[in-house]
Amino acid sequence: EAAQLVKSREEELKISAEEIRNLKKKARLEAQTESDKIVKQARDHERKIIQDTEKQLRHEEEEAIRAVKEELATMVASLSEKFLSSKLNKGNDQKLIEELLHNRGEE
């Protein structure tokens with residue numbers, strides 16, 4: 001009967017050891033799944049940050065270009081006004097401009 005009891009306990013230990021191995025395997029798989037999920041979320045978040053940053057940079061670049069164009073247009077207009085003002089003060093240039101405007105009016 002003692003041998004039978006020992007054999008029974010050994011069988012129980014084998015079953016328990018197998019259950020423990022299965023639990024460890026299951027825990028490892030769950031941990032790997034959770035780890036993969038966290039890594040995927042982190043990559044998705046990183047991708048979104050990069051996309052948002054690129055979008056913001058494009059917007060800022062467009063705004064800077066627009067501002068430079070406006071400033072350039074203002075400068076050109078101002079310089080043209082100064083140039084034409086100095087030229088118009090001379091009689092010959094004034095006469096030439098009037099003739100050009102008159103000729104364009106006849107076309």
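The values are calculated or read from the model by the stated rules, or taken from the named source; none is laboratory data. Nothing here was measured: the structure is a model prediction, and the numbers come from that model. Cβ: placed from backbone, ideal geometry, glycine included. Neighbour counts: every protein chain shown.
Return the only residue of Glu46, Glu30, Glu11 being at pLDDT below 95 and of a type outside the set (A, V, I, L, M).
Glu11
Among the numbered criteria (1) of a type in the set (Ser, Thr, Tyr); (2) surrounded by fewer than 10 Cβ atoms within 10 Å (Cβ to Cβ); (3) modelled with pLDDT of 90 or more, which one does Ser85 miss?
It fails just one condition, (3).
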